[in-house]
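A short worksheet on the structure shown next.
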Amino acid sequence: MSNLETAIELCTKLYKELKHLGVFPALTGGTLYKEGNRKDIDIIIYAKEENTCNLGSDNLAYYLARTGITEIKDFGMVMKAKYNDQYIDLIQPQFEGKYPVEPTLFTTTKPSGPINIGILTCQK
């Protein structure tokens, strides 16, 4: 399976998993405009509307794992992970940050109750 086929498959799964939270995937990067397979697949995770909830990275990891994403590491505005042995970068423009020396590793347990992010609250 090519990078592009894998990327489309993953974005379809992410859409189904995240749409009820008002958060959506958008494919970007070299997978779209460069020939051949790339070292990774870049996907932006964004909130469709300004007043729609943005997931915090710790809770997002649970929903990502439900699509088959593994080895999730948080680097602030980028999460690095794997999907079917393919490296992926999940870019979250709503978060600030630079790559820390040690990434945050997540367990993928289901969030209990509403997901609180600042003054916004999302229902599961």
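Readers should treat all values here as calculations from the given coordinates under stated rules, not as data from a laboratory. These numbers were taken from a predicted model, which means no experiment stands behind them.
Round to a whole angstrom and tell me the spacing of the C-alpha centers of the range 6-42 and the range 73-93. One Cα centre to the other: 11 Å.
Under 5 Å between amide hydrogens, built in the peptide plane, is the criterion, and for Arg38 it picks out Asn3 among residues at least 5 positions away or on other chains.
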